[in-house]
Amino acid sequence: MDYNLLSLLIWLPILGGVVVILVGNSRPETARWLSIAISIIVFVLSIDLLSGYDSSTHSMQFVEQFSWITQFDINYHIGVDGISLPLIILTTFSTILVIVAGWEVITRRVAHYMAAFLIMEGLIIGVFSSLDAILFYAFWEASLIPMLLIIGIWGGDNRVYAAIKFFLYTFLGSVFMLISLIYMYNKGGSFSILAMHEMDLSLVEQSWIFWAFFMAFAVKVPMFPVHTWLPDAHVQAPTGGSVILAAIMLKMGGYGFFRFSLPITPDASLEFSEVVIILSLIAIVYIGFVALVQRDMKKLIAYSSISHMGFVTLGVFALFLAYKPGATEGALLGLEGAMVQMISHGFISAAMFLVVGVLYDRLHSREIATYGGVINSMPKFTGFAVLFAMANAGLPATSGFVGEFMVILGAIQANIWYAVLASLTLILGAAYTLWMVKRVFWGPITNDAVKELNDINGREFAILAILALAVLIVGMYPQPVIEVMHASIENLLQQGLNSKL
Amino acid sequence: MENIYLTIALSPLFGAIIAGFFGAILGRKATHTIAIAGVLISTVLSLYVFDVHVLENGEIFNQNIYTWMQIGGLNVSVGFLIDGLTSVMLVVVSFVSLMVHIYTIGYMDDDDGYTKFFSYISLFTFAMFMLVMSNNFMQLFFGWEAVGLVSYLLIGFWHHKESAVEANLKAFIVNRVGDFGFLLGIALVLMYFDSLDYTEVFSSLDVINGVNIFDGVSVITTICILLFIGAMGKSAQVPLHVWLPGSMEGPTPISALIHAATMVTAGIFMVSRMSPMFELSDVALTVVMIIGAITALFMGLLGIVQNDIKRVVAYSTLSQLGYMTVALGVSAYSVAIFHLMTHAFFKALLFLAAGSVIVAMHHEQDIRNMGGLYKKMPITYVTSLIGTLALIGFPGFAGFYSKDMIIEAVHHSSLPYADLVYYAVVVGVFITAFYSLRMFFIVFHGKSRVDQHTKDHLKESAPSITFPLIALAIPSVVIGYIAIEPMLFAGWLDNAITVSSGHQSMTELSHRFHGAASMIFHALQTVPFWMMVGGIVAAWVFSIYKTAWADAIKTRFHRTYYVLDSLYGFDRLNEIVFVNGVKKLGNLLWKISDMGLIDSMLVNGSAKVVRFIGSVVRPIQTGYVYHYAFLMIFSLLIILTWVLFSGDNPLLYIDF
C-alpha cells in the first residue's frame, strides 16, 4: 500500500465537504458538480479498497495507527475487515445516489446540503473503520450532526420535533456506551478495540457493559421498543436524508453488535441472547402489523425498515443456540445472513425511499390516499417500484430474499419457534408492501393530478436502474458478498463462543 | 448436454427480456416472433431431452451450474437435475406454453399491453423451467416464487380494473401463506440433513429415522406437512384455494397456461419430487389425501352453480388438482403426474376454447347470455367437446385413463379413511360430468340468448386462436392411450419417484392393468363410468330438456344453493377474520402500543418530566445575586453542621 487509502476515504469527503461549503450556496451548479465528483472519486477509491482486500484472512487490513492524545493513549487507529468493508462500500455507493437524487430537488442552500452528505460520508466511514474506541465514539457522535442538520433544515413541517427526537434518542443511547468504554480503559489501560476483544471481564462486568452497548446500538438499529424516533425522522427528513438514514445509519447499530457486543461481552451476549431475540421477533411481527395500517408511505417504509432490521439482530443473537459443536453452519448462516440483510436493506430501503421521493417531488404528498393508478401515467417508474416492492417482500432473486432466507435457516436451528415467527414476514412483508403498491400504482386513476404526472427523467431512471441492478445481482449471486466477509465472520463466531470466564 | 438444458431455460428468458425492454421499439410482429422463437427452441430441445432421458437410456443428469452460496461445508448452488419426471414436465410446460404464445397473437390483438404480455408469459416459462429443472430446494423456491410473481403481474394485467388488482394481491398473499410453510419445511430439511441438494437429502433420510421434533410428532411428518402447505398454496387446495377463482381476472391465455396447466401443478410436481420423503410418513400422506379429496369433491360442487364461463373452468381446475393431490396421498405419484399431463392438455384446451368464445362474444363471460354457438363456431365447438369429454373421463379420451387410475389407486390404498376418499372421488366423477356438460350445453346448444348486435358479428376465431385449439385437442384425445403404459408401468418416471414397499396401490394397479385398449371395454362394468353417464344425463335434463327443473331445485333447496353460491363462506371468513382482523390488530398495536404507550408516555413523557422539573427549579433562578448568596450561605451552614455533628464522615478525609 503506497498511500493511506483508508484515511483518504475518511478525510477526502470531509475536506471536500468543507470546500463545497466554501464554494457557497450562491453557486449551486459548481457545488453540485464538485460534490458528485468527490463522491465518485471516493467510491472509486473504495472499490480500490475492495480489490486490495485479502478475504482469506480475518485480520485487520489497511491499518493506520498514529498517536492522537498521548496522555490517555488514544490513537488514530483505523483498519478494515470483512465486516466493515461491505458497509464502507455501501456508504460510498449510497452517497453518490443521494447527491444525484438531490440534484434538482434541492434548491435551497444547495452547497450546504451537498456538503452535509459528504461530511457525513466521511464520518460514517470513520465509524466503520475505527479501531480505537474513542476515535470510534467521536465519529459515532459526530455523524449525528450532519443528519440532525439535514432533517432540521431541509425537512418537512414538523422537522424540529423530529430532529430533536432523533438526536436525543440516539445521543442518550451513546452516552452509556461511552461510560462502558471508559470503564474498560480504566481496567485495561487501552482504548484499542482489538485489545478490548481480548480483555478478561467477569459476567457482572460484561452484563453492565452489554446493556450499555445495547442502549447505544438498539436505538440505532432501531429495535423495539426504542424505535419510535425512526418513523418521525423519516417522515420529516428530505429524501436524501431518509436514504442515508435507512441505508447506512441504521447499519451502525448492527455493526456495533458485530464489532463490540459479541467479541467484548460474549458471555453476557449468551446470557441475554434470548431477550434480544424476543425483541427482534417482536420487531419483525409486531412492527409488521403496524406497517400494514400506515397511511403515509414514508412511515410505512420506516416501519418496514424496523421489521427488516429485526432479522439482523435475530441472526446475530441466534448464533449461540444455533451453534452445534462440529457444525458451525447454523450459526454462520445467522451471522452472515445478518450481514447480507444489512447490505440488502441498504439497497432496498434506499430504493423505496427514492421511489417515494419521486412521487413526493411531483405531488408533494406522502399520503397513500393521494395516489392510485400511477402506472397509467408513469409506467417505467412503476416497473421499478414493483421490483423494489418485491425485493422488500423478500422475493428470491432479489437481495431481500438472501438475508432473510439465511437468517431463517439459521434461526430454526436455534429454536423452531424463532423461525416460525420470523417467517411470518413472508406474509406480513408481502401484505404491507403490495397493499401499498396496489393502492398507489395499480387501479384506476383516482384524480387529475395523478393523470398529469410525468414519468421519471433520465436522472431518476439512472439512480433507480443502478439500485435495481444491485438488488438483482446480490439476489442472484450473493456468493462474492459472502466470500468477502466469511473469514472475519468465522473469527467473530469463535470470539462469540469463547467464554471469557 | 449441459448447454442444451441451459438453452431450454434461458431462451424464453432472452425472449422475455427482448420483449420487455425493446418491445416498444421492435413493434408487435418482431416481438412476438422473438418470444415465440424462444419458446419454440425450448419445446424442440425439451422433446430431444425427453427422447434422450426417457426413451433412450433413462440416465439422470445432475450437475451444479454455479455456487450461489458457500458457508462452511454448506454449498447451495444453482443446478439442474434432469430425469424422467423433469423431462415429462419440460415437454408439457414448453408445449402448452408454445400454444399459449401462438394463441396470444390473436387473443391480445386489440390490447395495448401486447408486447408486455409476451414478455410476461416468456418470463413465466423461464421461471417454470427453473422450478422443474432444479436440483435443490433453494432453486425450487426461487422458481416457486418467480412463477408466483408472474402470476401476480398477469392477474393484474388489466390494472385499471379494481377487481383485477384486488385479485392479484389476494393471490400473492394467499400463496405467501403457503410459502410460509414451505420455507419452514426447507429450513427443517437443512437443519436435519445439512444440505439443500435433493440427492444428498434423499440419500441421508435415515438420519431422522424415529426422531421426533415435538412430542409424538416425527421430524419427517413435520417436514412433509410443511412442504405440503406450500403445495396447498400453489396448487390451490382447500383452504388456500381462495385465490384461484379470482385469478380469472387475468387474460384468458394465462388462465390456461398458469392457472390451469402449469403453475398450479407445481405443488403436485413438488410432492412427487419429494416422494422419498413423503413415503416415510403415512400421517403426512393421509393429510395429503384428505385435503385432496375435500378439494376434489367440494370445489367440483361449486362448479355447478357458477355462470361465468371462466369460473366454471376454474372450479373444475380446483377439483382436478384435488384429484391429483389424492393420487399423491395414496402414493400413486406417477398417476398424479399422468393426470397432471393429461389435464394440462385438456384444461389448457378448455380455457383457450372458452377464450375463443369470449372473444367472439365481445368479452361477454356469462354463459346465460350465450347458447347455440355451435353453428357459428365449429372449430371451437368440436375442440371444446373433445376437451370436455377428456375432462369428464369419457372412455378412450386422455382424462379417462388418468382419472380412472386415480380412482383405482385410492381403491387399493391401505391408508386410513381411504374408503371414504374413494366415495368422494367417485361422486366427483358425477359432479365433473354434470358441471362440464351443463356449461357445454348452455354455451353451445339450446336456444341462443345472444343479443342481436353480438349475434351479427359472431364468427369463428382467427387461425392463431383455432390452431392451438386443434393442436391441444390431439393430445387430449390420444395422450392417455399412448402414455398410460410406459408412464405408469414401464418406468418413465422410475428414476425420479420412490414408492415404499408398504404402499401397495401402484403394484395392485399394475397387476390389474391389461393394456389401454382393454380399459375401454372394461369401463362399462365400472362405477365411475355410470357416474359419468349419470352426470351427462343430469346436465342434459337440467340445461336442455327441462330448464325449469333447475330453478325448481334451486328454490326447493335454497339453503344448499345459498351455501354453494356463497362459496362455503371462505371469502367472507377471510374478509372478516384475516383482512379486517389484521387491520384492526395493526391499528391497535400502532395507536395504543406504539404511539400511546411508547411514544406518548415513555418518550414524550420523559420530556414532560424534564420540563416539569425544569418548571419547578426555574423560579429559583431569579437572577438576583443576593438570592444566590443567601442560598450559598444557607447551604454551607447545613453542610458544616452535618460535617461537625456526624461522627465518621467522609468529608473529613478530604485533603483541602
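The values are calculated or read from the model by the stated rules, or taken from the named source; none is laboratory data. Just so it is clear, the structure is predicted and the values come from calculations on it, not from any experiment. Because the Cβ atoms are built from the backbone with ideal geometry, glycine has one as well, and the counts that use them run over all protein chains shown.
Odds and ends about this structure:
- Which numbered condition A:LEU332 fails, given (1) part of a loop (DSSP other than H, G, I, E, B); (2) touching a strand residue (DSSP E or B) at 6+ places or on another chain (Cβ under 6 Å): (1)
- Within the stretch A:457-489, the set of residues being in contact with a Leu (Cβ under 7 Å, 6 or more places away or on another chain) and closer than 30 Å to A:GLU198 by Cβ comprises A:VAL484, A:ILE489.
- Residue match in the stretch B:43-56 (condition: within 14 Å of chain A (Cβ to nearest Cβ), under 30 Å from B:VAL201 (Cβ atoms) and surrounded by fewer than 19 Cβ atoms within 10 Å (Cβ to Cβ)): no
- Residue in the stretch A:471-480 that is modelled with pLDDT under 90, more than 9 Å from chain B (Cβ to nearest Cβ) and either assigned to a helix (DSSP H, G or I) or within 24 Å of the chain's Cα centre (by Cα) (or both) present: no
- In the stretch A:426-452, of all residues being part of a loop (DSSP other than H, G, I, E, B) and buried (at least 19 other Cβ atoms within 10 Å of the Cβ), the one that is farthest from the other protein chains (Cβ to nearest Cβ) corresponds to A:PHE441.
- Of all the listed residues (B:PHE193, B:PHE126), the sole one being modelled with pLDDT of 95 or more and among the aromatic types (Phe, Trp, Tyr) is B:PHE126.
- Count of residues meeting criterion [touching a residue at least 12 places away in the same chain (Cβ under 8 Å) and within 9 Å of chain A (Cβ to nearest Cβ)] in the stretch B:185-195: 4
- Considering the stretch B:533-624, the qualifying helices (runs of 4 or more DSSP H), each wholly inside and each with 3 or more residues that are farther than 25 Å from A:TYR303 by Cβ, run over B:547-556, B:558-565, B:570-573, B:604-617.
- Any hit, the stretch B:85-100, residues being touching a His at 6+ places or on another chain (Cβ under 8 Å), surrounded by fewer than 24 Cβ atoms within 10 Å (Cβ to Cβ) and farther than 30 Å from A:VAL481 by Cβ: no
- Residue that is farthest from A:TYR255 (Cα to Cα), among those in the stretch A:295-336 that are surrounded by fewer than 24 Cβ atoms within 10 Å (Cβ to Cβ) and facing chain B (nearest Cβ under 9 Å): A:ALA327
- Helices (runs of 4 or more DSSP H) (entirely within the stretch A:232-300) containing at least 1 residues that are over 14 Å from the mean Cα position of the chain (by Cα) and of a type in the set (A, V, I, L, M, F, W, C): A:266-292
- Residue that is assigned to a helix (DSSP H, G or I), surrounded by fewer than 23 Cβ atoms within 10 Å (Cβ to Cβ) and not aromatic (Phe, Trp, Tyr), where the choices are B:SER464, B:SER448: B:SER464
- Count - residues of the stretch B:1-45 that are out of contact with any Ser or Thr (no Cβ under 7 Å at 6 or more places or on another chain) and among the hydroxyl-bearing types (Ser, Thr, Tyr): 3
- Residue count for the stretch A:481-501, restricted to those that are buried (at least 21 other Cβ atoms within 10 Å of the Cβ) and within 11 Å of chain B (Cβ to nearest Cβ): 5.
- Condition met for A:ILE466 (more than 27 Å from A:LYS380 (Cα to Cα) and either more than 9 Å from chain B (Cβ to nearest Cβ) or at pLDDT 90 or above (or both)): no
- Check on A:ASP132, in contact with a His (Cβ under 9 Å, 6 or more places away or on another chain), more than 14 Å from chain B (Cβ to nearest Cβ) and not β-branched (Val, Ile, Thr): yes
- Looking at A:ALA369, A:ALA351, A:ALA391, A:ALA385, just one residue is among the small types (Gly, Ala, Ser), farther than 30 Å from A:LEU319 by Cβ, crowded, with 22+ Cβ neighbours inside 10 Å and more than 9 Å from every other protein chain (Cβ to nearest Cβ), and that residue is A:ALA385.
- Residue check for A:ALA397: in contact with a helix residue (DSSP H, G or I) (Cβ under 7 Å, 6 or more places away or on another chain), under 21 Å from A:LEU292 (Cα atoms) and at the interface with chain B (Cβ under 10 Å from one of its Cβ atoms): no
- Within the stretch A:26-74, restricting attention to residues that are among the aromatic types (Phe, Trp, Tyr), in contact (Cβ under 8 Å) with a residue 24 or more places away in the chain and part of a helix (DSSP H, G or I), the residue that is surrounded by the most Cβ atoms within 10 Å (Cβ to Cβ) is A:PHE43.
- Unique residue being within 14 Å of chain A (Cβ to nearest Cβ), buried (at least 24 other Cβ atoms within 10 Å of the Cβ) and either in contact with a Cys (Cβ under 6 Å, 6 or more places away or on another chain) or under 30 Å from B:TRP492 (Cα atoms) (or both) when the list is B:PHE141, B:PHE182, B:PHE172: B:PHE182
- Of the residues B:VAL563, B:VAL582, the single one that is away from chain A (no Cβ under 13 Å) and free of Cβ contacts under 8 Å to residues at least 12 places away in the same chain is B:VAL563.
- With respect to the conditions (1) loosely packed, with under 15 Cβ neighbours inside 10 Å; (2) among the β-branched types (Val, Ile, Thr); (3) under 24 Å from B:ILE392 (Cα atoms), B:THR555 lacks only one, and its number is (3).
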